[in-house]
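In what follows, a single structure is set out as structure tokens and then discussed.
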There are 2 protein chains.
Amino acid sequence: MKIVITGGVGFLGQRLARTLLQRGTLIGPSGTEEPIDTIVVLDTVTPEPAIATDSRLSVAIGDITDRAMLAQIIDDRTTSVFHFAAVVSAAAEADFDLGMRINLHGTLAVLEACRALPHPPRLVFTSSIASFGGPLPAVVDDTVPQTPQTSYGAQKAIGELLVHDYSRKNFVDGRAVRLPTIVVRPGKPNRAASSFASSIIREPLTSLDAICPVSPETRLAILSPRQAVVAFLQAHNLPAAAFEHTRSLIVPGLSVQVSDMVAALQRAAGAQAVQHIRWQPDAEIQRIISSWPGAFTSQRALNLGFRADAHMDAIVQAFIEDDLPAQRANT
Amino acid sequence: MKIVITGGVGFLGQRLARTLLQRGTLIGPSGTEEPIDTIVVLDTVTPEPAIATDSRLSVAIGDITDRAMLAQIIDDRTTSVFHFAAVVSAAAEADFDLGMRINLHGTLAVLEACRALPHPPRLVFTSSIASFGGPLPAVVDDTVPQTPQTSYGAQKAIGELLVHDYSRKNFVDGRAVRLPTIVVRPGKPNRAASSFASSIIREPLTSLDAICPVSPETRLAILSPRQAVVAFLQAHNLPAAAFEHTRSLIVPGLSVQVSDMVAALQRAAGAQAVQHIRWQPDAEIQRIISSWPGAFTSQRALNLGFRADAHMDAIVQAFIEDDLPAQRANT
């Protein structure tokens, strides 16, 4: 099997690549686990440090909208594509054209590259709960329509519609996973509106200050990177028939208030860690975050075996185990 | 005011153009009725016969994805755009690339042309209840998500997301109307999956045979061309604030079974007219039509003053009054 991960230098792409190398197999065209021969990570930047030293893994540098390049990467040997490349929420809001180019036209380019293959590859597309918006019930479920109030959310909702339609036409075997906010992201703050949700855990654990632009009462649905990768593999390995009238699933998230996250930080690292959080309200970030559902039930995904993290403490602990050593080394 | 109607040589575009010429005014940038100076009908073909003889009206020929041409038509003087240009349902299903080119990239081109103007014009975008699909409640309402099962439906749902997001960004002042099946269309059968719904009324009234590819029990939500034009003007003239978290509205339709339509034909034209209907089941057409909601309540649109036709007999009568003379002349 040849697997392509777009945007694969991002933290989720890297984690997935390493997990695939360790796992060694994935459900292939035969419908059973098949050995992974090749993983190509496509991104605009080179990973530093290297993702892994493994002869099966290579990195390709290119723009996701470059169709000639994509046709070389997503070639006839490709059996699976994980399409993660995206411009994140606040960045897509600040630069509309960039968001449209990468999130909409980039996704179209990936779908067309898949369609050109003799056999429809499996495609896992990362959508987001940011595709919800407007007046929402307290608990969002599978029957709630997406009326996004950000360009990023609109572009992700459009991507889901495209993934379903290309799948219905048998151009690709797509699966779109609506991810909760991923917490704790390793690395540095980024331009996602939800960037703070990782910062307020990650920075204090390395004795750095973090800015929290939203109120302690703000409710978020979150998922650890560890559990996100589990969800990607589950989404990939499900039979196509599991999806029925839509290729989209809401990945279950843990519903927490920001104050719950801070309390977990305190339990893990003490009161002095919490002192590193600076509360600096930002109305635009608060608006974007508050437009997303803070809690949902994802009955279809639960029925298919997807699971949320068990507790906020487990999410903090996973970061400490998986990422804190490297995070400390890079600080 | 300068008004552009894309796909304006179609029957709805022509009817709208004539109505606008008669009306003479439309809500303009001032928020009050303003005189209409110019109407440009853009399409790929010349209307035969001419839509009207009026110095305010002109026809432009071009492809909706031709951005340089669009920038000339949708120029700084343009205050309103009615974007009707589309590849219809069965045609978009048969030719995926054509549907994507016109329905998705064409809509993007219109939105970008509007965005380039110094003041955001009003834009009325025709979506469709074909954007619904999959398992649906017996009565679809404003809270039901769009999970289209046709490429046309997916492209229309995407267009709605784009219209909302471009409006939210103040690039355009958009309004998307999800139209029921329009009955009775004048002219000839086309490649819409719902083409039969007009044929079974229209053809018998001109002593021609019509094919009905679906069962008499099939339920459809329908709207007369007369009432559709009323809906376009209402959608255009509403203040932007009326739309809130979505620019999309379900235009109320009359829910009928095909057998109700045939009964109305018989009441209007006698039993011999009904003999012109040939029942030839087509599984693919039945699949597409059955994937659309046959009945819905559109509380948001009703609250804003939109209305369905009162009765099937009124729909047949509107066709007899408005279109049958020309239909007879062209048969």
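Some notes on this structure:
- Residues located in segment A:305-324, provided they are farther than 27 Å from A:Glu217 by Cβ and either under 19 Å from the mean Cα position of the chain (by Cα) or assigned by TED's automatic domain parsing to the domain that holds A:Thr143 (or both): A:Gly305, A:Phe306, A:Asp322, A:Asp323
Here's the yes/no breakdown for (1) of a type in the set (S, T, N, Q); (2) at positive phi; (3) at pLDDT 95 or above:
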{"residue": "A:Gly99", "(1), (2), (3)": "no, no, yes"}
{"residue": "A:Leu104", "(1), (2), (3)": "no, no, yes"}
{"residue": "A:Thr107", "(1), (2), (3)": "yes, no, yes"}
{"residue": "A:Ala113", "(1), (2), (3)": "no, no, yes"}
{"residue": "A:Ala116", "(1), (2), (3)": "no, no, yes"}
{"residue": "A:Leu123", "(1), (2), (3)": "no, no, yes"}
{"residue": "A:Ile129", "(1), (2), (3)": "no, no, no"}
{"residue": "A:Gly134", "(1), (2), (3)": "no, yes, no"}
{"residue": "A:Ala138", "(1), (2), (3)": "no, no, no"}
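- The listed residue being outside the structural domain of B:Tyr152 (by TED's automatic domain parsing) and either crowded, with 23+ Cβ neighbours inside 10 Å or touching a residue at least 60 places away in the same chain (Cβ under 8 Å) (or both), out of B:Val229, B:Val184: B:Val184
- Unique residue being closer than 23 Å to A:Leu304 by Cβ and either touching a Phe, Trp or Tyr at 6+ places or on another chain (Cβ under 6 Å) or assigned by TED's automatic domain parsing to the domain that holds A:Leu70 (or both) when the list is A:Asn170, A:Asn103: A:Asn170
- In the set A:Val41, A:Val9, only one residue is in contact (Cβ under 8 Å) with a residue 24 or more places away in the chain, in the same structural domain as A:Asp173 (by TED's automatic domain parsing) and over 18 Å from A:Arg185 (Cα atoms); that residue is A:Val41.
- Residue match in segment B:229-249 (condition: out of contact with any Cys (no Cβ under 8 Å at 6 or more places or on another chain), under 23 Å from B:Asp313 (Cβ atoms), of a type in the set (S, T, N, Q) and at pLDDT 95 or above): no
- Just one residue in the set A:Thr65, A:Thr46 is in a loop (DSSP other than H, G, I, E, B) and in contact with a helix residue (DSSP H, G or I) (Cβ under 8 Å, 6 or more places away or on another chain); that residue is A:Thr65.
- Selection within segment A:211-249 - closer than 27 Å to A:Gln22 by Cα and within 14 Å of chain B (Cβ to nearest Cβ): A:Leu249
- Here B:Glu203 meets the list (1) more than 9 Å from chain A (Cβ to nearest Cβ); (2) modelled with pLDDT under 95 almost entirely, failing just condition (2).
- Taken over segment A:292-331, residues that are under 25 Å from A:Ser248 (Cβ atoms) and assigned to a loop (DSSP other than H, G, I, E, B) amount to 13.
- Hey, A:Phe196 within 14 Å of chain B (Cβ to nearest Cβ) and of a type in the set (Phe, Trp, Tyr) or not: no
- Residues that are more than 15 Å from B:Thr107 (Cβ to Cβ) and of a type in the set (Phe, Trp, Tyr) within segment B:128-154 comprise just one, B:Phe132.
- Residue in segment B:250-273 that is buried (at least 21 other Cβ atoms within 10 Å of the Cβ), within 14 Å of another protein chain (Cβ to nearest Cβ) and either at pLDDT 95 or above or closer than 22 Å to B:Thr32 by Cα (or both) present: yes
- Residue check, A:Asp76 over 21 Å from the mean Cα position of the chain (by Cα) and assigned to a helix (DSSP H, G or I): no
- Those strands (runs of 3 or more DSSP E) lying entirely in segment B:1-43 with at least 2 residues surrounded by fewer than 15 Cβ atoms within 10 Å (Cβ to Cβ): B:33-35
- The criterion of at least 1 residues that are over 23 Å from the mean Cα position of the chain (by Cα) is met by the following strands (runs of 3 or more DSSP E) wholly inside segment A:182-291: A:277-279.
- Any hit, segment B:141-163, residues being without any contact (Cβ under 8 Å) to a residue 24 or more places away in the chain, within 14 Å of chain A (Cβ to nearest Cβ) and either under 26 Å from B:Val4 (Cβ atoms) or in a helix (DSSP H, G or I) (or both): yes
- Only residues that are of a type in the set (Gly, Ala, Ser) and over 27 Å from B:Asp141 (Cβ atoms) were counted across segment B:170-194, and they come to 1.
- Residues in segment B:164-184 that are at the interface with chain A (Cβ under 10 Å from one of its Cβ atoms) and more than 23 Å from A:Ile250 (Cα to Cα): B:Tyr166, B:Arg168, B:Lys169, B:Phe171.
- Within segment B:82-137, considering residues that are farther than 17 Å from B:Ile64 by Cα and part of a strand (DSSP E or B), the one farthest from the other protein chains (Cβ to nearest Cβ): B:Arg122
The values are calculated or read from the model by the stated rules, or taken from the named source; none is laboratory data. Only a predicted model underlies this, so the values are computations on that prediction, with no experimental measurement involved. Cβ sites come from the backbone with ideal geometry, for glycine too, and all protein chains shown count toward neighbours.
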